[in-house]
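In what follows, a structure is listed as structure tokens, so that the remarks can point back to it.
The values are calculated or read from the model by the stated rules, or taken from the named source; none is laboratory data. Because the structure is predicted, anything quoted here is derived from the model rather than measured. Neighbour counts run over all protein chains shown; Cβ positions are idealised from the backbone, glycine included. The area values use the complete protein model at the heavy-atom level, side chains included, leaving out ligands, DNA and RNA. Shrake-Rupley method; radii C 1.70, N 1.55, O 1.52, S 1.80 Å.
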Amino acid sequence: MTLADEKRREALSLYIHIPFCLKKCSYCDFLSAPQDEETRERYVRALIREIRSRKNWAEETGRHVDTIFLGGGTPSVLAADQISRIMEAVHVSFDVGKDAEISMELNPGTADQEKLRAFRQAGINRLSMGVQSLQDQELRLLGRIHNTGQAKEAFLMARKAGFDNVNIDLMSALPGQTFSSWADTLTGICAWEPEHISAYSLIMEPGTEFAALQDAGKLPSLPDEDTDREMYRYTEDYLAGHGYRHYEISNYAKPGRECRHNCGYWTGHPYLGLGIGAASYVDGARFSNIADLKTYLSYLEPADEEALSGEKMTDLPGSESPPGSTAWLEGICTDRHVLTEEEKIEEFMFLGLRMCGGIEKEDFERRFPGRALKDIYGKVIHKHLAQGVMEETEKGFRLTKRGIDISNYILADYLL
Amino acid sequence: MQKEITQDKIRNFCIVAHIDHGKSTLADRMIEKTGLLTSREMQDQVLDNMELERERGITIKSQAVRLVYNARDGQEYIFNLIDTPGHVDFNYEVSRSLAACDGAILVVDATQGIQAQTLANVYLALEHNLDVFPVINKIDLPSAQPEVVREEIEDVIGLDASDAPLISAKQGLGVEDVLEAVIRNIPAPDGDPDAPLKALIFDSLYDSYKGVIVFCRIRDGRLRRGTKVKMMATGASAEVVEVGYFGPGQFIPCEELSAGMVGYFTASIKNIRDARVGDTVTESERPCAEALPGYKKAQPMVYCGLYPAETPRYPDLRDALEKLQLNDASLFFEPETSLALGFGFRCGFLGLLHMEVILERLEREYDLDLISTAPGVVYKVYKTDGTMIELTNPSNLPEPSSIDRMEEPIVNAEIMVTTEFIGPIMQLCQERRGRYISTDYIETTRAVLKYELPLNEIIYDFFDALKSRSRGYASFDYELKGYEESKLVKMDILVNKEPVDALSFIVHADGAYERGRKMCEKLKDEIPRQLFDVPIQAAVGGRVIARETVRQMRKDVLAKCYGGDISRKKKLLEKQKEGKKRMQTVGNVEIPKEAFMNVLKLDTQ
């Protein structure tokens, strides 16, 4: 089997970034901002050109796409037609598998029945809804544009539009949140019976409106650590009781409904990022697209209007070069770094251990022939087992609940 | 320019003063006036070579310079001016400089009058049989009261101040009067140039090309290139390679140094210890009958442990201390090991300022990152078996059952203060276990408070407290009185039930609870959370008197790992790992080394 054959058999994920929202949320430090309609359209066209430019490479390597994720920002601020055009371009450039998981993030405040139908029609088969809370007061504080009623309505519309795989994003450890307000949110959400629930603890990111408010003493107090951990435990127990399996630090799913795209991140699956700021991991190299919208546009917009209206996208410079290489859309890709084997091993561990199932020895040995887990991490694993933050499974190791609580502290030990 | 220099045209002197009374400025003006440097070449305070000295405006190291003065009588004189430190901690430096002089200029600030160190330094000079004459400085200031100060000098010190020059060193007023007064009031050196060589080493310096540069004052005989010399105390011999005198900031070689002169020589001496400050240099073949008395070696009064923040730099710290010691014989050090801090040194200093200066020099000049333990004094521990040990490191305190009694050093402190602050200062001394002796009024608004104070009560922040409670007006000096029995206990700090040797200290039983409690509180804030609850305890002889708990780490999760941005996640873990590397493990607890430093920085207010 040649190397090319091997690659051909390897699946690829796509991440498509839509850096727009209607209003920046108070806690958000992602690459996203409100923009006018014209800018959004310009971005969509540039994005389509970027997608189309990958056609040669995708065909040559023959990799099929098994998951796609449209994230943001709020991809649903785009018009249905814009999403359709993006998806069309994807299908032109890539061989998208029939059973591919195609997710899109949806802000309940941007949903209407028609739009949702159009999204479904464009091939989106999984929605990730940023509900965050079922307490209006908490939603206001978060700076969300929707309220509880709209969230419920959006969920029902999604079902009606034919989405049978929906995730609900929730946030715990919010300022002013109490144990009972969190429990109420969980109860409410479970009644909807979504297939998947992500429950994140709020992290105060420096530079956000929240951090500034907190520094100024203008936020209600955060739940104390004990309450925070109680919420976390309760979440796990309560959701387990409703048929959701805890499979990653912040993720819960009905059996078989785990997010395949996100699992790919933890297991070293290759993915190609499209749009500004999007991260990629292809052929053992990590790289990112530039984060600056203007530069991105100036690079991808053709010099004359005629070409812009035309659909000749394959004549971009470097479109035949390997992804991330200097010739590959030079000026868009940054921070390209080919991982060494040591780095791959580190990632295998600190990403793999985020999964509740942990890592498997055999898997390790298959990925890194000639290397033994025991030789590299024997001491660390021994320490972690003794500290009770890790436990042995049938095939390998996983973090205990306590270990997950303090996973940053633990996982740092797996850096070589 | 080497003309025949006769002894009667030489004057060897120094300037003594209370800190900030203008000693270094006067030295600068004298250098300028004698034409050694034009004022354009002058940098302020020429003699304060060290960066640190300029910055702090204090003189730490003695410096010597030769001036050639064309006097009003038409004669040319050679002045050897030796600048001395003004701070009480550096009395030892002063003392060794004085040994090279025949007289001293006493500078008194016309606005402040006599201060504590004015007295201390004058007495030191008189002890060395120096002729002292006063100069009243800063007469240009509006608040100057030269006549009042003149009277004060006569009343309090008993020096004739009737023709004391009134000057402003800053503005260059009256500097020539000072130069003339030097000729009049300071005796020319005596000594026989033809007798066997007898020279006092008053300082030295290490130069990587020339070896040790020995600063000396020739009492008898001559010293020139080729002279075979012997150090009388160490017995080391060497052949002189170069002799010379001191230009401002440079060494100027000359033919010969003879009786009465001050200068330097080099003799390819590689080992610092072979040319000990205070030793007498003589000729190998024609030794003098007996050595000069030298002077009393200063005993370190304050001790602390010094450790490199990065363990592999231990040898660098040792080298740096050795080099500093060459320049500063009063610095003492010996290796010690701490469970918490690794390999380091127990160091002895003359006082807290001396300690601070050494620490700063180590960090700046030798680029070392240091951790120092709490400063302590030397305790005398009398054991039940009749023996006595001098305790410089609290960790070495014997079992309580084998201790009969302990004594701590007591100082006689003189605090000069304006009367409005007498109350607050007395209260401060009371808080520091002071024993009141007397209040002497110098004039109606100023008094000298005399107290006996335990040294260990003044080594932390007494200066600062004094300054803040007197709005900067009080000045302070002390000398060791002796040892007295005291109710002392050793306080151990336990982290996760394990004593941390670097944090142990000796404290008076009455203040133990307070200190222990504060220590625990501070440590609690400095120790990062661990996987488990960490108790922090202060204990005296096994009895816990204060306790805090560092609660276990509850949550440290990066929940969202967005859009596959693994690099961001890794950076976060790397930061965490970096933090772990700087930790020292004590009793299963990871403690950053800075924590020790921060806890030991005692602000007892």
Given backbone amide H placed at 1.01 Å from N, residues whose amide H is under 5 Å from that of B:MET553, ignoring those fewer than 5 places away on the same chain, are B:GLN530, B:LEU531, B:PHE532
Any residue on another chain or 5+ positions along whose placed amide H is under 5 Å from the amide H of B:MET261 is listed here as B:ILE218
Output field shielding_mean for B:548-555 (other chain Cβ, 10 Å radius) holds 4
For A:LYS55, counting only aspartates and glutamates whose alpha-carbon sits under 12 Å away and dropping same-chain residues fewer than eight positions off, the answer is A:ASP95, A:ASP315, A:GLU320
Per residue of A:403-415, other chain Cβ atoms within 10 Å number on average 6
Quick tally, 1.4 Å probe accessible area for A:LYS383, B:LYS575, B:LYS323, sorted with the most first, runs B:LYS575, B:LYS323, A:LYS383
Scoring the range A:103-199 by relative contact order with C-alpha pairs under 8 Å, at least six apart, yields a percentage of 34 percent
Rounded to the nearest 10 Å², the 1.4 Å probe accessible area of A:TYR247 is 10 Å²
The answer for the per residue Cα convex hull volume of the range A:96-242, in Å³, is 124 Å³
Diffing the range A:284-289: the Karplus 3J(HN,Hα) column from phi (6.51, -1.76, 1.60, θ = phi - 60°), in whole Hz with x for Gly and Pro, holds x, 10, 9, 7, 10, 7
Computed over the protein assembly as shown, protein heavy atoms only, probe 1.4 angstrom, the accessible area per residue in square angstrom equals 42 Å²
Kirkwood-based Rg/Rh on the Cα set of the protein assembly as shown evaluates to 1.13
If each K or R counts +1 and each D or E counts -1, the residues other than B:GLY542 whose Cβ falls under 15 Å of its Cβ total +1
Violations at 19 Å Cα threshold for listed pairs B:LYS450/B:LYS481; A:LYS383/B:LYS577; B:LYS380/B:LYS450; A:LYS294/B:LYS569; B:LYS380/B:LYS487 -> B:LYS380/B:LYS450; A:LYS294/B:LYS569
So, relative contact order of the range B:172-279 in percent, Cα under 8 Å, 6 or more apart, is 30 percent
If every Lys and Arg gets +1 and every Asp and Glu gets -1 at its Cβ, then about the Cα centre the protein assembly as shown yields a dipole, in debye to the nearest 20, of 2580 debye
Rounded to a whole number, the mean other protein chain Cβ count within 10 angstrom for residues of B:567-575 is 5
Excluding residues fewer than 8 positions from A:LYS115 in its own chain, the lysines with Cα under 21 Å of it are A:LYS23, A:LYS152, A:LYS160
Semi-axes a, b, c in Å (a largest) for the range B:325-387, each sqrt of 5 times a Cα gyration tensor eigenvalue, come to 26, 16, 11
Rounded to the nearest 100 Å², the accessible area hidden between A and B, summed over both chains at a 1.4 Å probe radius, is 3500 Å²
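Give me the percent of DSSP beta bridges within the protein assembly as shown that run antiparallel, rounded to the nearest 5.
70 percent
Students often get this wrong, so check it: of B:LYS9/B:LYS228; B:LYS524/B:LYS575; B:LYS497/B:LYS593; B:LYS490/B:LYS524, which have C-alpha atoms separated by over 25 Å? Intermediate values should be presented prior to the final figure.
Details: B:LYS9/B:LYS228 28 Å; B:LYS524/B:LYS575 22 Å; B:LYS497/B:LYS593 19 Å; B:LYS490/B:LYS524 21 Å.
Listed pairs above 25 Å: B:LYS9/B:LYS228.
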Residue by residue through the range B:64-69, the couplings from Karplus 6.51 cos²θ - 1.76 cosθ + 1.60 with θ = phi - 60°, in Hz, x for Gly and Pro, are 10, 8, 9, 10, 10, 10
As straight-line cross-link partners of B:LYS230, the qualifying aspartates and glutamates (C-alpha separation under 18 Å, not fewer than 8 residues apart within one chain) are B:ASP194, B:ASP203, B:ASP220, B:GLU239, B:GLU242, B:GLU256, B:ASP274, B:ASP279, B:GLU283, B:GLU285, B:GLU290
A 1.4 Å probe over the protein heavy atoms gives the protein assembly as shown a carbon and sulfur accessible-area percentage of 47 percent
Of every Cα-Cα pair in the range B:312-422, the percentage lying beyond 25 Å is 39 percent
Residue-ordered couplings for the range B:518-528, obtained by feeding phi - 60° into the Karplus form 6.51 cos²θ - 1.76 cosθ + 1.60 and rounding to whole Hz (Gly and Pro as x), are 5, 4, 4, 4, 5, 5, 4, 6, 8, 8, x
Among A:TYR234, B:TYR441, B:CYS347, the residue whose Cα sits farthest towards the positive end of the charge dipole of the protein assembly as shown (+1 at Cβ of Lys and Arg, -1 at Cβ of Asp and Glu, taken about the Cα centre) is A:TYR234
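What GluC sites (Glu not before Pro) does the range B:281-372 have in DSSP loop regions with at most 11 other beta carbons within 10 Å?
B:GLU285, B:GLU290
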Beyond 38 Å, the calculated P(r) of chain B holds a percent of Cα-Cα pairs equal to 41 percent
Cα convex hull volume per residue for the range B:185-331, in Å³, equals 149 Å³
With +1 on the Cβ of every Lys and Arg and -1 on the Cβ of every Asp and Glu, the dipole magnitude of chain A about its Cα centre, in debye rounded to the nearest 20, is 580 debye
Fraction of alpha-carbon pairs in the range A:3-266 farther than 23 Å apart, rounded to whole percent, equals 55 percent
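Counting pairs of alpha carbon atoms under 8 Å apart in space and at least six apart in sequence, what relative contact order in percent does chain B give?
9 percent
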When the charge dipole of chain B is computed with +1 at the Cβ of Lys and Arg and -1 at the Cβ of Asp and Glu, the Cα pointing farthest to the positive end, of B:GLY386, B:ILE82, B:ALA17, is that of B:GLY386
Ordering B:THR227, A:THR178, B:THR444 by the accessible surface of their heavy atoms, 1.4 Å probe, largest first, yields B:THR444, A:THR178, B:THR227
Protection proxy (average C-beta count within 10 Å per residue), highest first, orders A:100-107, B:219-226, A:333-340 as A:100-107, B:219-226, A:333-340
Given all pairs of distinct Cα atoms, the range A:341-412 yields a Kirkwood Rh in Å of 12.1 Å
Percent antiparallel among DSSP beta bridges confined to the range A:158-310, nearest 5, equals 65 percent
Checking rank on A:204-215, A:352-363, with mean other Cβ inside 10 Å and highest first, the result is A:352-363, A:204-215
